[in-house]
1. Listed residues 97, 116, 123; which is surrounded by fewer than 15 Cβ atoms within 10 Å (Cβ to Cβ) and touching a Lys or Arg at 6+ places or on another chain (Cβ under 9 Å)?
2. I need a count of the residues in the stretch 43-63 that are over 17 Å from residue 74 (Cα atoms) and surrounded by 21 or more Cβ atoms within 10 Å (Cβ to Cβ).
3. Please work out which one of (1) more than 22 Å from residue 111 (Cβ to Cβ); (2) within 11 Å of the ligand (Cβ to nearest atom); (3) among the hydrophobic types (A, V, I, L, M, F, W, C) is the condition residue 56 fails and give its number.
4. If I ask for residues that are farther than 10 Å from residue 17 by Cα and in contact with an Asp or Glu (Cβ under 9 Å, 6 or more places away or on another chain), which ones from the stretch 36-50 would you list?
5. Sort out which residues of the stretch 82-98 are within 21 Å of residue 7 (Cβ to Cβ) and within 15 Å of the ligand (Cβ to nearest atom), and write them in order of number.
6. In the set 79, 45, 37, which member is modelled with pLDDT of 95 or more, of a type in the set (Val, Ile, Thr), in a strand (DSSP E or B) and within 13 Å of the ligand (Cβ to nearest atom)?
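The values are calculated or read from the model by the stated rules, or taken from the named source; none is laboratory data. Bear in mind that the values here come from a model prediction, so they are computed numbers and not experimental data. Cβ coordinates were reconstructed from backbone atoms using ideal geometry, including for glycine residues, and neighbour counts include every protein chain displayed.
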Amino acid sequence: MDALVDAAVSARDNACASFSGFRVGAAIEDAEGCLHTGCNIENATLGLTVCAERVALFKALSEGVRTFRRIAIATDSETLTPPCGACRQLLWEFCGDVEVILANLRGKTESLRLKDLFPRPFDASCL
Ligand code: THU
């Protein structure tokens with residue numbers, strides 16, 4: 001398996017998903033080839049939930065990483081899980097048109113480009 005997908009699958013084990021039961025793992029590969037992982041984190045307010053993609057992205061950004069190549073998102077769904085709208089916005093602004101790899105635990109994967117998932121974005125070029 002691709003090490004990036006493998007990292008997303010492993011990160012999923014740490015999900016704090018006791019409210020939805022929907023565990024998500026994400027891994028982002030930076031321009032140096034380093035991997036940054038995240039899982040979804042839910043809490044009793046529900047509304048303060050943070051998706052796995054944003055946890056991975058914010059961890060990397062907080063370490064000073066600014067250039068990214070790919071992100072993998074892993075769930076246990078037969079229908080592969082794409083990033084939510086909020087995550088697409090942040091991934092676009094900080095990662096640009098990266099490769100987005102969707103994966104499940106049975107080895108099913110799909111590779112997409114973020115620009116196809118998030119056409120006509122609002123970003124700094126609009127200001
Ligand atoms: N979730 C993610 O972490 N990433 C996605 O791409 C879709 C949704 C989480 C948020 C929440 O904890 C749970 O999945 C159900 O929506």
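1. 97
2. So the first thing to find is which residues in the stretch 43-63 are over 17 Å from residue 74 (Cα atoms), and the list is 43-49, 58-63.
Filter again for surrounded by 21 or more Cβ atoms within 10 Å (Cβ to Cβ), leaving 60.
Number of matching residues: 1.
3. The single condition residue 56 does not satisfy is (1).
4. 36, 38, 48, 50
5. 82, 83, 84, 87, 88, 90, 91, 95, 98
6. Result of the check over 79, 45, 37: 37.
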